[in-house]
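Read through the structure below, which is laid out as structure tokens, and then see the notes.
The values are calculated or read from the model by the stated rules, or taken from the named source; none is laboratory data. Here the structure is a predicted model, which means the values were calculated and not measured. A quick note on method: Cβ atoms are made from the backbone with ideal geometry, for glycine too, and the neighbour counts reach across all protein chains shown.
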Amino acid sequence: MTEPPRGFLELGATEVGGEAARGARTGALVMAAGGALCLLLASSAGFLLAPGVLGLGFAVVLWRRSHHLRDLPFAVNANHPWVLDDAMGLAEVAIRAGDGTWKELGDFRLKLHTDPLLGEPLVVEDQEPWDTVVRWPASSRARLQRWLATGNTALALRDAVNGHDEQAEEQRRRSAGETELLAREWPEEEEALEDGSALSRWLETARSSK
């Protein structure tokens, strides 16, 4: 896997990546503590040996999953609010393709599409006529939607910091509203942002600033 563009930081290394993995990491710690306790008590209560071993095994699985959840295919530069509160210049967002290459994103949002020939996930522009941005690796629909929601939130915050042109944004929204596919995709993306999470709070901040 290639490194992100110079001056960019992968989202997995930011607070966003930490939040994405927090649930699995907490579960791993709880399972590890429970398993260790069962093993300590197994000397006097042999029936606790098996639960203790299972608990430690599940802890390892959840810990690995926490690292997997931090693997977000986006990167932001130092001017993005997910890195610094006070921007010194223009905020930028980059996306990672399935082959590990990176591409800086322009003035648009993203939506999912499927290659009709290969069946691979495509990330495309959300405005007509749309162009393919990158190809993503095959993965579960839920994970792809989570990635997409994260990327579009990063773009909304980028535009808020950069003073995105309101007229261009309104045109984008009208164009998006005419696309049936986006009408299906976007609600699912917003549902992927849990209430009270850092992602949802940042998104509400970006919306209220426009």
Some residue of segment 117-128 being β-branched (V, I, T) and touching a residue at least 12 places away in the same chain (Cβ under 8 Å):
yes
Report yes if P51 is assigned to a loop (DSSP other than H, G, I, E, B) and surrounded by fewer than 17 Cβ atoms within 10 Å (Cβ to Cβ), otherwise no.
no
How many residues does segment 112-144 hold that are touching an Asp or Glu at 6+ places or on another chain (Cβ under 6 Å) and closer than 17 Å to A75 by Cα?
1
If you check L90 against the conditions, is it at pLDDT below 80, in the same structural domain as G163 (by TED's automatic domain parsing) and more than 15 Å from the chain's Cα centre (by Cα)?
no
Selection from segment 74-125 of residues loosely packed, with under 14 Cβ neighbours inside 10 Å, among the polar types (S, T, N, Q) and touching a Leu at 6+ places or on another chain (Cβ under 9 Å) yields T114
